[in-house]
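Enquirer: Take a look at the following structure, please.
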Amino acid sequence: MKNTAYYLNKPGGTFTPIEEELKPLAKGEILLKTRRTSVCQSDVVIYKHGLPRIKKWPSVILHEACCEVQAVGEGVTKFQVGDLVGLGCDIPCGDRDCIYCGDNGTGDWTSCPNTQATGHEFAGFARTHAILPNWFVELGPIKKFPKGFSADQACQLEPLACGLEGMTRVNNCITDRVVVLIGAGSQSTYALQSAQAMGARKIILVNRGKERLERVLKDFGNEKTVGVIWDENVVENVLAACKPFNEPHFVMMNVPAQAGYELAVKLVGYGTVIDAHAGVKGPNGKPRIAHEVDLNNDIHYKLQCYQATHGSSMHGINLAHKMLIESKLPNIDKMTNDTERFKKDQILEAIHRANDSDSLKVIIDWD
């Protein structure tokens, strides 16, 4: 059997389809046919600048995927031919004895010094078919969806899981609380829908651009959702929107820029949990962003919590899977409009569209 992989030759380069022969399935392996890939902002960064973790070019990128099981190797019982599966990006290192990733590991894959990610160390899903090794099949973030489930929704398992990691690390920081989301991109839109499903008292969405803010509020807002333009009065306006509370209970920073961090810490008050969800990174690594914290008067006496989540473990994957199959995000299909749908030979166009200021979730259809 043959696979067609779309190799990116270099950052800022071109995608070239290359036909490859697939080896026979070994024991414990499965063969997947790619159905959908959605485009992450990390894919945009990789295309424009590259990432230090990608050591070899040409490279196969794209990590938000759902696939159909086409064949199973000897001994595989978890999956059957025809299953629709969604996949996470952060995956085990492959060492079955690893204390993080192995059979008896903690599952904290991002803590492993040999951590892998799809589209980074492990080939991405800009390809028609993929063979998953036995350790991925048995230990990795793969979730089966019910027969007839939407492939467009299943491919959003991974980005939804990333947001839920941040929203559930601290108990009881969403339900009946005031949630502030900095940025109105796809991650904040997932978080907005998740916060609604989790019973947030009020959700305040902050964004610089009026156009995308209005799109998100129109398609996903409700009586508990407030939009605030990010201008010179943003701190004052957000705190006013928190009333009758003095400050937000949960702040999720979804803007991969220093200005997002600077705004987030200005909103932290008594009992606030801040999740630095969007890191700042580029081709030269991660810049230092300094902030002074009074460990006694802020952390101790104000009960503040500073945390960061990036990627997802099985905790987030399981939560996202449950939300999707139980239709807890009834408007998720509005994440993608007709201008955000592409075919497999339009990967570059899809990445450019994902980079637009009004875009939410771009999906590439591989059927």
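Enquirer: With a 10 Å Cβ neighbour count serving as the proxy for reagent exposure, in which order, fewest first, do 170, 226 appear?
Expert: Ranked by crowding around the Cβ, least crowded first: 170, 226.
Enquirer: Tell me which of 320, 305, 362 sits at the most positive position along the dipole axis of the range 257-367, charges placed on C-beta atoms (Lys, Arg +1; Asp, Glu -1).
Expert: 305
Enquirer: 222 nm [θ] for the chain, helices only, -39500 (n - 2.57) per DSSP H run of 4+, per residue, to 500?
Expert: Theoretical 222 nm ellipticity from helices: -7000 deg cm²/dmol.
Enquirer: Here's another thing I want to ask about it. Test of understanding: in a Gaussian network model of the chain with alpha carbons linked when under 10 Å, which of 182, 325, 274 would top the mean-square fluctuation ranking?
Expert: Top of the fluctuation ranking is 325.
Enquirer: To one decimal place, what Kirkwood hydrodynamic radius in Å is obtained for the range 291-358 from all pairs of distinct Cα atoms?
Expert: That comes to 16.5 Å for the range 291-358.
Enquirer: Given charges of +1 on the Cβ of Lys and Arg and -1 on the Cβ of Asp and Glu, with all other atoms neutral, how large is the dipole of the range 1-158 about its Cα centre, in debye to the nearest 20?
Expert: On the way: 17 positive and 18 negative charges, 79 e Å.
Using Cβ point charges on Lys, Arg, Asp and Glu, the range 1-158 gives about 380 debye.
Enquirer: I've got another one for you. With just the Cα atoms defining each centre, how far is the range 305-324 from the range 1-55? Give it in Å.
Expert: 24
Enquirer: Still on this structure, I have one more. Based on the Cβ-Cβ distance of residue 297 and residue 172, what FRET efficiency does E = 1/(1 + (r/R0)^6) give at R0 = 22 Å, to the nearest 0.05? Working shown, then result.
Expert: Values: r = 24 Å, r/R0 = 1.07.
The computed FRET efficiency comes out at 0.40.
Enquirer: A further question follows. Based on the Cα gyration tensor of the chain, what are the three equivalent ellipsoid semi-axes, each the root of five times an eigenvalue, rounded to whole Å and given largest first? Write down the numbers at each step before the final one.
Expert: On the way: eigenvalues 244, 95, 81 Å².
In descending order the semi-axes read 35, 22, 20 Å.
Enquirer: Which residue, 62, 205, 329, has the most motion in a Gaussian network model of the chain that connects Cα atoms within less than 10 Å?
Expert: Highest fluctuation of the listed residues: 329.
Enquirer: By DSSP, what percent of the beta bridges with both residues in the chain are antiparallel, rounded to the nearest 5?
Expert: The antiparallel proportion sits near 60 percent.
Enquirer: Would you list the membrane-span-like helices of the chain, meaning whole DSSP H runs whose alpha-carbon atoms span at least 18 Å along their axis and whose mean Kyte-Doolittle value is at least -0.5?
Expert: Values: long enough: none.
Qualifying helices: none.
Enquirer: Further question: Gaussian network model of the chain, Cα springs within a sub-10 Å range: biggest mean-square fluctuation belongs to which of 327, 59, 42?
Expert: 327
Enquirer: One quarter of the convex hull surface, Cα atoms only: what value does that give for the range 40-153 in nm²?
Expert: 8.0
Enquirer: Given 12, 111, 67, which one lies farthest toward the positive end of the charge dipole of the range 1-125, if we put +1 on the Cβ of every Lys and Arg and -1 on the Cβ of every Asp and Glu?
Expert: With unit charges placed on the Cβ atoms, the residue in question is 12.
Enquirer: What's the FRET efficiency of residue 20 with residue 341 using the Cβ-Cβ distance as r and R₀ = 22 Å, to the nearest 0.05?
Expert: The pair residue 20/residue 341 has a calculated efficiency of 0.25.
Enquirer: Still on this model: Determine the dipole magnitude for the range 170-307: charges of +1 sit on the beta-carbon of Lys and Arg, -1 on that of Asp and Glu, nothing else is charged, the reference point is the Cα centre, and the result goes in debye to the nearest 20.
Expert: 300
Enquirer: How do 165, 236, 223 rank when sorted from fewest to most other Cβ atoms within 10 Å of their own Cβ?
Expert: 223, 236, 165
Enquirer: Another one. Evaluate the range 98-226: find the radius of gyration of its Cα atoms, find its Kirkwood radius, and give the ratio Rg to Rh.
Expert: Answer for the range 98-226: 1.03.
Enquirer: Quick one: Kirkwood hydrodynamic radius for the range 101-168, alpha-carbon pairs, angstrom, one decimal?
Expert: By the Kirkwood definition, the hydrodynamic radius is 14.1 Å.
Enquirer: Further, regarding this structure: Tell me the Kirkwood hydrodynamic radius of the range 170-307 in angstroms, computed as one over the mean inverse distance between distinct C-alpha pairs.
Expert: 15.2
Enquirer: Here is a further query. Exposure proxy check: 353, 36 ranked by fewest other beta carbons within 10 Å?
Expert: Values: 353 18, 36 25.
The most exposed by this proxy come first: 353, 36.
Taken together, the values in this text are just the output of simple stated rules run on the coordinates, not laboratory data. Fair warning: this is a prediction, and the values are worked out from it, not measured in the lab. Glycine also receives a Cβ, built like all others from the backbone with ideal geometry; neighbour counts cover every protein chain displayed.
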